[in-house]
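This report refers to the structure that appears directly beneath it.
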Amino acid sequence: MAKVRIYQLAKELGMENEGLLKLLDQMGVAYKSHASTLSEEDAEAVREIVREQRGLEAKRKEEEARKALPKRPPRGGHHGSRGPREDHPSGLPAQEPDGGKGGGGHHPTRRGF
């Protein structure tokens with residue numbers, strides 16, 4: 001069975017030796033220094049833990065990035081349309097004095113204002 005040096009495993013995982021030594025302490029794995037060897041089983045357990053930690057960290061960062069995005073305003077009706085009038089008993093929009101035709105006395109086909 002192959003043995004793996006701690007410093008080589010740290011390099012493989014892109015970690016500092018001290019970080020890997022702390023992880024080994026948390027796992028209860030005995031070692032003397034960064035030059036000590038680990039069994040293949042211990043090395044594989046370390047790899048799995050590091051993969052899980054990185055996966056959780058990536059998900060956390062993705063969630064933070066998603067939360068940092070600006071919120072879109074709610075999509076609603078037409079822009080610029082008149083809503084119901086609160087001061088009118090029917091609640092309907094007010095009509096123009098000319099019946100809502102909006103001509104202002106001008107003929108619709110006449111041009112040249």
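The values are calculated or read from the model by the stated rules, or taken from the named source; none is laboratory data. What you are looking at is a predicted structure, and each value in this text was computed from that prediction instead of being measured. Ideal geometry is used to build each Cβ from the backbone, glycine not excepted, and the neighbour counts take in all protein chains shown.
Residues in the range 14-40 that are surrounded by fewer than 11 Cβ atoms within 10 Å (Cβ to Cβ), farther than 19 Å from residue 54 by Cβ and without any contact (Cβ under 8 Å) to a residue 12 or more places away in the chain: how many? The qualifying residues number 3. Taking residue 85 as the residue in question, decide whether it is of a type in the set (Lys, Arg), at pLDDT below 60 and surrounded by 12 or more Cβ atoms within 10 Å (Cβ to Cβ). Taking the combined requirement at face value, the residue satisfies it.
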